[in-house]
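The block underneath contains the structure these notes are about, expressed in C-alpha cells.
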Amino acid sequence: MRDLINSYPTAFKATFGMEGVDFTSGPGYLSTETFSLLAPLMLIGLGVALGTGAIAGEEERGTLDLLMASPVSRGRVLAAKALGSLAALVAVAVVLYLTVLAAASGLGMSIGAGMLARATGAVLLLAIACGAVAFLAGAATGKRGAAIAAGAGFAVVSYFIDSLAEITTVVKPWRVVSIFHQASATGALRGDLGIAGPLATAAFAAACLLAAWYLFARRDLAA
C-alpha cells in the first residue's frame, strides 16, 4: 500500500493530503482518510449552512422582521445567532473527536488524545472561519445565495491554494492566505502545527463577525 501511494503523481497526493504522509501509520491513515478532506468537508458544510441561515435565511423567510420587532438590539440578535452557531459546531466537533478517539484506541492506531484534539480543533477552526464568511455575507446582503457562495467559495479557494502550493512555485507565496495552511489538521497530526496559524484563523473569523455586526446594524432589512 505504501509503495502504491508513493507511485501516485505529486499533484494527486497534494490535492488529497497524501504528500509526505505515511499512510500505513495510524496518524498517517487518519490524516489522509479523515482529516485532510472528509472531516473538514463535513464541518465546513455545517458551518456555512449555520452561517447562511442565521441572518440571510431568516430574512428571506420573512421571519427576521418579526424577531427585530421585539425589544432587543440588532447587536444582541447577531451575537445570539453567532453563539448558537458556534455551539452547534463545537458539539459536532466533540462528537467527531470522541468517535475517532474511541475507534483509534480500539484498533491500536497509536495516536494520542492530545494530538487528535489538536487535529479536531484545527478542523473546527476551519469550519468557524468559513461559517463566519457566510455569516458576514448574509448579514451584509440578506441573501442566502450570496452567503452560501461566499462561505463555500472561500473554503474551495483556500483548499486549492494550499494544495497547489505543494506543486507549483507560482502559488506558493500565496499559501499564507489559506486557512487550510494556517489551521492544518494534517499538520497537527504530523506534530508541526504551531500556535500562530490557528490564532490567525481565529482572528480572521472574529474580524468577519465584527464586520457583520457593523454592516447589519446599518442596513435596511427586507420586509
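Computed from the coordinates by the stated procedures, all read-outs in this text should not be read as laboratory data. In this text the structure is predicted, and so the values were computed from the model without any measurement. Cβ: placed from backbone, ideal geometry, glycine included. Neighbour counts: every protein chain shown.
Quick notes on this structure:
- Principal-axis tilt of helix 113-141 within the chain, Cα atoms, nearest 10 degrees: 30 degrees
- Debye, to nearest 20: dipole size of the chain, +1 on Lys, Arg Cβ, -1 on Asp, Glu Cβ: 440 debye
- Prolate/oblate/rounded label for region 1-145 (Cα gyration tensor, a/c 1.5): prolate
- Length available on full extension from Ala217 to Phe160: 0.36 nm per residue minus the Cα-Cα distance, which gives 17.1 nm.
- Only helices enter the 222 nm calculation for the chain: every DSSP H run of n ≥ 4 contributes -39,500 (n - 2.57), and dividing by all residues gives -22000 deg cm²/dmol, rounded to 500.
- Cα centroid separation, region 104-156 to region 41-76 (Å): 18 Å
- Percent RCO, i.e. relative contact order, over region 123-193, from Cα pairs under 8 Å lying at least 6 residues apart: 27 percent
- Cα lying deepest toward the dipole's positive end in the chain, options Leu189, Ala127, Ser163, charges on Cβ: Ala127
- With each label modelled as a point 7 angstrom along the Cα→C-beta vector, the Met68-Leu37 pair spans 4.1 nm.
- Sites Asp192 and Ala91, calculated FRET efficiency, Cβ-Cβ separation with R0 30 Å, nearest 0.05: 0.55
- Region 25-217, relative contact order in percent, only Cα pairs under 8 angstrom and at least six apart counted: 31 percent
- FRET efficiency, 1/(1 + (r/R0)^6) with R0 35 Å, evaluated for Trp174 and Leu83 via beta carbons: 0.60
- Max mean-square fluctuation residue, GNM over the chain, Cα-Cα springs under 10 Å, options Ala11, Ala117, Ala91: Ala91
- GNM flexibility winner over the chain from Ile128, Ile195, Ile167 (Cα, springs under 10 Å): Ile195
- Taking other C-beta atoms within 10 angstrom as a stand-in for reagent exposure, Lys172, Lys81, Lys143 fall in the order Lys172, Lys143, Lys81, fewest first.
- Phe23-Leu210 FRET efficiency (beta carbon distance; Förster radius 30 Å; 0.05 resolution): 0.15
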